[in-house]
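Heads up, the thing below is written out as structure tokens.
The values are calculated or read from the model by the stated rules, or taken from the named source; none is laboratory data. Note that this is a predicted model, so its numbers are computed, not measured. Virtual Cβ from ideal backbone geometry, glycine too; neighbours counted across all protein chains shown. Accessible surface is based on the protein model in full, side chains and every heavy atom, while ligands, DNA and RNA are left aside. Shrake-Rupley method; radii C 1.70, N 1.55, O 1.52, S 1.80 Å.
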Amino acid sequence: MSELLLEVGCEELPASFVRRAYTDLLANVTAQLKEANVLGEGEGVAMGTPRRLVISLPDLKLRQDDTTKEVRGPGINSAYGPDGAPTTALLGFCRGQGVDSSEVRKGDEHVWITKQIPGKPTAQILKEALPKAIRELTFDKTMRWGHARMKFARPIRWLLASFGGLAVDFEIEGVSSGLLSRGHRFYSPEPFEVKTFAELKEALRERKVELDPATRRQRIMDEATQVAHGTPELTEDLVEENTFLTEWPTAIEGQFKIGFMELPAAVLVTAMAKHERMFPVRDQHGALTNNFVFIRNSGEDESVRRGSEWVLNARFNDAKFFHDEDSIHNLDYFLEQTSGIAFHEKLGSVRQQADRLSKLAEWIAINTGAQGREVEFARTAGLYAKADLSSGLVSELSSLQGVVGGAYARK
């Protein structure tokens, strides 16, 4: 039994692509090797970072088992002459199968042979299976690069393929496989040689790359909690995204200008978390503070902190401009402005849609047992539900449509 190690090195993949990509790569390779009957009992491992997809299968057979196959030949009457001697038909069949006529068995109507089929070396199988498995990966968005015809999420830059410590030779779009990997893009970009999965993990850590997503994830949560002056808002989606945005995550805390705290909390959280991939920080009472935690992949703490603060303050400055402009008007103004926003060519404007929503909400309220002011509340909610689409703040942060309208309505 020998170990297979495969690493596909590429330009930085979108964070949402990585986990599915290395999972699918392991599934593709495993399926082909299972069909070839060279899989052992050891369980495969798949890991990845933005720059690499890595799989390991620890127990592959060195070659396929030899097999036998029953092959039917010509009919008995065609196989032998009146004197019982083999005919040219039988002799031609034997030559084609690589056997002697003495190995032929007579059946009821045909002659048969038992053909010995020697198994292929696993290394030979891998030369075809690995590039096929890589090419079969699918992504939500793909690209071509250079003169390549292949579609992939990002350009492939290196291929590491080792079986039993020896290179598995193949080529994809001008990139030849070998035993070389690469470290962190900025900290340790030089190529280095490895032959096993254990060697690769250790060598990458020495070169500022943590291959295991679970370890990166835990480091992000631990460090974010340690550096924050308060409680960081470690949502599942944002932790997952930062896990696959970084190869060597390091948490730093920054602050934005206190004046931006006048903005609605939803604006602050969305700008930090969704747009800048930063973790908001709350105080002991659960209120937002002007602190945030950012996960860097490279650089020096202080320079990255200053850069993160500059970017976030600029984002909030834009949001505050639109918020202040919007504050001049009330929700009725924004509702009428939706007359200039097309809902559908055959269904009119968003303003016309608002009237339909209002009537529909009122009808549903009445027919579900609402009484008195509840019916009026439903009608009003339907009327103003889309009003904030014409506001400046929603034009800046479109994911907050509805939330912004609620904040303006409360004012």
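Some points to look at:
- Residue selected from segment 58-92 under the condition among the hydrophobic types (A, V, I, L, M, F, W, C) and assigned to a strand (DSSP E or B), by the criterion farthest from LEU39 (Cα to Cα): VAL71
- Top-ranked residue of segment 20-76 - restricted to ones that are among the basic types (Lys, Arg) and under 18 Å from ALA214 (Cα atoms), ranked as surrounded by the fewest Cβ atoms within 10 Å (Cβ to Cβ): ARG20
- Test for ARG182: is it open to solvent by 30 Å² or more (accessible area, probe 1.4 Å), more than 30 Å from GLY9 (Cα to Cα) and modelled with pLDDT of 85 or more: no
- Filter result for LEU39 (closer than 20 Å to THR243 by Cβ and of a type in the set (A, V, I, L, M)): no
- Positions within segment 14-42 being closer than 14 Å to PHE197 by Cβ and over 22 Å from the mean Cα position of the chain (by Cα), in sequence order: GLY42
- When residues of segment 125-146 are limited to those that are out of contact with any helix residue (DSSP H, G or I) (no Cβ under 8 Å at 6 or more places or on another chain), assigned to a loop (DSSP other than H, G, I, E, B) and open to solvent by less than 90 Å² (accessible area, probe 1.4 Å), the one farthest from THR23 (Cα to Cα): GLY146
- Between ALA36, ALA27, the distinction of being at pLDDT 95 or above and of a type outside the set (Asp, Glu) belongs to ALA27 only.
- Of all residues in segment 1-19, those satisfying the criterion of being modelled with pLDDT of 95 or more and open to solvent by less than 30 Å² (accessible area, probe 1.4 Å) are LEU4, LEU5, LEU6, GLU7, VAL8, GLY9, CYS10, LEU13, ALA15, PHE17, VAL18.
- Residue check for ALA314: out of contact with any strand residue (DSSP E or B) (no Cβ under 7 Å at 6 or more places or on another chain), open to solvent by less than 30 Å² (accessible area, probe 1.4 Å) and small (Gly, Ala, Ser): no
- Looking across segment 384-404 at every residue that is free of Cβ contacts under 8 Å to residues at least 40 places away in the same chain and surrounded by fewer than 21 Cβ atoms within 10 Å (Cβ to Cβ), the one that is farthest from ASP332 (Cα to Cα) is identified as SER398.
- Candidates are the residues of segment 317-332 that are out of contact with any Gly (no Cβ under 8 Å at 6 or more places or on another chain) and of a type outside the set (D, E, K, R); the one that is surrounded by the fewest Cβ atoms within 10 Å (Cβ to Cβ) is ILE328.
- The C-beta contact set for segment 72-95 (first residue farther than 9 Å from VAL111 by Cβ, second residue open to solvent by 40 Å² or more (accessible area, probe 1.4 Å) and not in a helix (DSSP H, G or I), distance under 8 angstrom, 6+ apart or interchain) comprises PRO86/TYR80; THR87/TYR80; CYS94/PRO86; CYS94/ASP100.
- Filter pass, LEU335 being open to solvent by less than 30 Å² (accessible area, probe 1.4 Å), touching a residue at least 40 places away in the same chain (Cβ under 8 Å), among the aliphatic types (A, V, I, L, M) and more than 17 Å from GLN255 (Cβ to Cβ): yes
- From the list ALA407, ALA381, the lone residue that is within 30 Å of LEU263 (Cα to Cα), in contact (Cβ under 8 Å) with a residue 40 or more places away in the chain and part of a helix (DSSP H, G or I) is ALA407.
- Evaluation of THR122 against (1) at pLDDT below 95; (2) open to solvent by 20 Å² or more (accessible area, probe 1.4 Å); (3) among the polar types (S, T, N, Q) (one fails), failing number: (2)
- Pairs meeting the criteria (first residue in segment 231-251 and touching a residue at least 24 places away in the same chain (Cβ under 8 Å), second residue part of a loop (DSSP other than H, G, I, E, B) and of a type in the set (Val, Ile, Thr), beta carbons under 7 Å, at least 6 apart or on different chains) are GLU247/VAL209; TRP248/VAL209.
- Among (1) over 23 Å from ARG410 (Cβ atoms); (2) touching a residue at least 12 places away in the same chain (Cβ under 8 Å) - the single one THR289 does not satisfy: (1)
- Residue count for segment 384-404, restricted to those that are assigned to a helix (DSSP H, G or I), aliphatic (A, V, I, L, M) and over 22 Å from GLN352 (Cβ atoms): 3
- The listed residue being open to solvent by less than 60 Å² (accessible area, probe 1.4 Å), more than 30 Å from LYS141 (Cα to Cα), out of contact with any Lys or Arg (no Cβ under 7 Å at 6 or more places or on another chain) and at pLDDT below 85, out of VAL111, VAL104: VAL104
- A residue that is surrounded by fewer than 16 Cβ atoms within 10 Å (Cβ to Cβ), among the charged types (D, E, K, R) and in contact with a Leu (Cβ under 8 Å, 6 or more places away or on another chain) cannot be found anywhere in segment 360-375.
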